[in-house]
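Asks: Encoded as structure tokens, here's the structure I'll be asking about.
The values are calculated or read from the model by the stated rules, or taken from the named source; none is laboratory data. Because the structure is predicted, anything quoted here is derived from the model rather than measured. Cβ coordinates were reconstructed from backbone atoms using ideal geometry, including for glycine residues, and neighbour counts include every protein chain displayed. Note: areas computed on protein heavy atoms with side chains; ligands, DNA, RNA excluded. Shrake-Rupley method; radii C 1.70, N 1.55, O 1.52, S 1.80 Å.
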Amino acid sequence: MPFSSLGLSPALQRAVSAKAYSAPTPIQVAAIPAALKGQDVLGSAQTGSGKTAAFALPLLQQLESVPPESPRRVRALVLVPTRELSAQVGEEIRKLAEHLPRSVKVSIVFGGVSINPQMMRLRGGTDIVVATPGRLLDLVDHNALALGGVATLVLDEADRLFDLGFAEELQRILSLLPEKRQNLFFSATFPPAVQALAQTLLRDPVRVEVLPEPQGQPDIVQQAIAVDAGRRTQLLRHLIQQNHWSRVLVFVATKHAAEMVADKLRKARIYAEPFHGELSQGKRTQVLADFKASRLKVVIATDVAARGLDIAQLPVVVNYDLPRSAVDYIHRIGRTGRAGERGIAVSFVSADTEAHFRLIEKRQSLDLPLERIEGFEPLETVAVLAPSMDGAAGEPSTGGIKGKRPSKKDKLRAAAARGQ
Ligand code: AMP
């Protein structure tokens, strides 16, 4: 189906041609006509499916039909969970907006940077705001913008925005919006609890669930490698060098681990940088820009990088630490295999995380063989599940047999001895 049959204006058809999009993606085919009619949309589609244009094009078309006011009023609010996504989505909307006959001001706001320049840029009003929730509310509190004229609310990565961490902010933002508005909610995943919450906000929504098509499905080869926890950095080094991986995104569980693994790789002359929520925004932007421009080979990130980031040609994602949930697993591996390219997603599985990995596999209906790499065969075995000293059952324990399973301290010592 061509873009011309979706009901888009000539200007927006020029915009998609300029982006060299030859045909709409399935989510665009399903969501654009409904959104253009003013209906609410609940869209569930994999990352990399073209979700952004699926909501951006209808937003822009609606703006095309209303003359600019002076000062401009916020007509559309796009909420996103991370700063990077805010910049990425905002830039994509700006690119598409360049082709409209009237000027459209798209403001990108996120926390972690000084609020003053953002307030300055909002002077004279704005048409579209792409924002993370906390900073948006700060700007409202500073009277830098008002949300009473919002005609369309977009939630991108809606499942994350419905998370407890954002609940209070989201409630406050909703209370500032006109009750009568269009809602476009998009997410890669919509667990039942989130669906229920979304239903309370949506009016008679068109549900758009794009089942991955063979040619549209990300082409990701998933692998699980058994390795002792203390040898993961060495294995990572080995894999990067052996396979000549040009660009790798490695996920770890904590900021500390991100710093530590990056440090060790750098010592081994592999140029790696950490990426986590406690870095300054300037540093985060720099790391991403270097990674995207191939000036940086390896990024060691916490889950802050797992959502929405569109890094073209990212061939490999490694789960150094396993994700907490099956949903996080999808988000992480979705960073690779985007826009029709092939990707590899490798998960390191050690004795104490194997049960957790099997759970993720089960939720994902996967059945991956636990591969072994020569020279890195694991020596540790799963602990016997037995009541611990204080009686709490289910905790991995040595079962009172000294030496049966190394303690954390033992592992650290062993790692230190191996120069980890
Ligand atoms: P998204 O799912 O919005 O993050 O988009 C993923 C990538 O697909 C982005 O790089 C978009 O520029 C690209 N894209 C979006 N729509 C199309 C399309 N119709 N044809 C080809 N690429 C597209």
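Asks: Please enumerate the residues belonging to the stretch 261-281 that are assigned to a helix (DSSP H, G or I), under 26 Å from Leu85 (Cα atoms) and open to solvent by 70 Å² or more (accessible area, probe 1.4 Å).
Replies: None; the set is empty.
Asks: Suppose the filter is among the β-branched types (Val, Ile, Thr) and over 25 Å from Ile311 (Cα atoms); does Thr189 pass it?
Replies: So Thr189 does not fit the description; no.
Asks: Name the single residue that is nearest to Val206 (Cα to Cα) among those in the stretch 1-38 being polar (S, T, N, Q) and under 26 Å from the mean Cα position of the chain (by Cα).
Replies: Filtering the stretch 1-38 for residues that are polar (S, T, N, Q) and under 26 Å from the mean Cα position of the chain (by Cα), the one nearest to Val206 (Cα to Cα) comes out as Gln28.
Asks: Need a quick list: helices (runs of 4 or more DSSP H) entirely within the stretch 1-117 having at least 2 residues that are farther than 22 Å from Ala289 by Cα, open to solvent by 50 Å² or more (accessible area, probe 1.4 Å) and of a type in the set (Gly, Ala, Ser).
Replies: 10-18
Asks: So Gly148 fits all but one of (1) surrounded by fewer than 16 Cβ atoms within 10 Å (Cβ to Cβ); (2) farther than 18 Å from Arg72 by Cβ; what number is the exception?
Replies: (2)
Asks: Any residue in the stretch 71-91 that's assigned by TED's automatic domain parsing to the domain that holds Ala131: show its pairings with residues that are among the charged types (D, E, K, R) and open to solvent by 10 Å² or more (accessible area, probe 1.4 Å) at Cβ separation under 7 Å, as long as the two are six or more apart or on different chains.
Replies: Once the first residue is assigned by TED's automatic domain parsing to the domain that holds Ala131 and sits in the stretch 71-91, its partners that are among the charged types (D, E, K, R) and open to solvent by 10 Å² or more (accessible area, probe 1.4 Å) give Arg72/Lys105; Pro81/Arg160; Pro81/Arg307; Thr82/Arg307; Leu85/Arg307; Gln88/Asp310.
Asks: Ok, one more. Ser5 fails exactly one of the following numbered conditions: (1) polar (S, T, N, Q); (2) away from the ligand (no atom under 14 Å from the Cβ); (3) free of Cβ contacts under 8 Å to residues at least 40 places away in the same chain. What is the number of that condition?
Replies: (2)
Asks: Suppose we keep only residues that are in a strand (DSSP E or B) and farther than 20 Å from Ala224 by Cα within the stretch 345-402. Which one would you say is modelled with the lowest pLDDT?
Replies: Restricting to residues being in a strand (DSSP E or B) and farther than 20 Å from Ala224 by Cα, the top hit is Ser397.
Asks: Kindly establish whether Pro323 is assigned to a loop (DSSP other than H, G, I, E, B) and modelled with pLDDT of 85 or more.
Replies: So Pro323 passes the test.
Asks: Determine which single condition Leu77 fails, assuming it passes every other condition in (1) within 16 Å of the ligand (Cβ to nearest atom); (2) touching a Ser or Thr at 6+ places or on another chain (Cβ under 8 Å); (3) modelled with pLDDT of 90 or more.
Replies: All conditions pass for Leu77, except number (1).
Asks: Something else: Select from the stretch 226-249 the residues that are within 17 Å of Arg295 (Cβ to Cβ), outside any helix (DSSP H, G or I) and either in contact with a helix residue (DSSP H, G or I) (Cβ under 9 Å, 6 or more places away or on another chain) or open to solvent by less than 20 Å² (accessible area, probe 1.4 Å) (or both) and list them in ascending order.
Replies: Trp245, Arg247, Val248, Leu249
Asks: On to the next question. Among the candidates Val41, Val104, Val109, single out the residue that is within 15 Å of the ligand (Cβ to nearest atom) and in contact with a Leu (Cβ under 9 Å, 6 or more places away or on another chain).
Replies: Val41
Asks: Is it fair to say Leu155 is assigned to a strand (DSSP E or B) and in contact (Cβ under 8 Å) with a residue 60 or more places away in the chain?
Replies: So Leu155 fits the description; yes.
Asks: If I filter the stretch 342-353 for residues that are open to solvent by 10 Å² or more (accessible area, probe 1.4 Å), more than 28 Å from Asp156 (Cβ to Cβ), of a type in the set (Val, Ile, Thr) and touching an Asp or Glu at 6+ places or on another chain (Cβ under 9 Å), do I get at least one hit?
Replies: The answer is yes, given that some residue of the stretch 342-353 is open to solvent by 10 Å² or more (accessible area, probe 1.4 Å), more than 28 Å from Asp156 (Cβ to Cβ), of a type in the set (Val, Ile, Thr) and touching an Asp or Glu at 6+ places or on another chain (Cβ under 9 Å).
Asks: Return the residues of the stretch 250-259 that are in contact (Cβ under 8 Å) with a residue 12 or more places away in the chain and either within 20 Å of Thr353 (Cβ to Cβ) or in a loop (DSSP other than H, G, I, E, B) (or both); say none if nothing qualifies.
Replies: Val250, Phe251, Val252, Ala253, Thr254, Lys255, Ala257, Ala258, listed by residue number.
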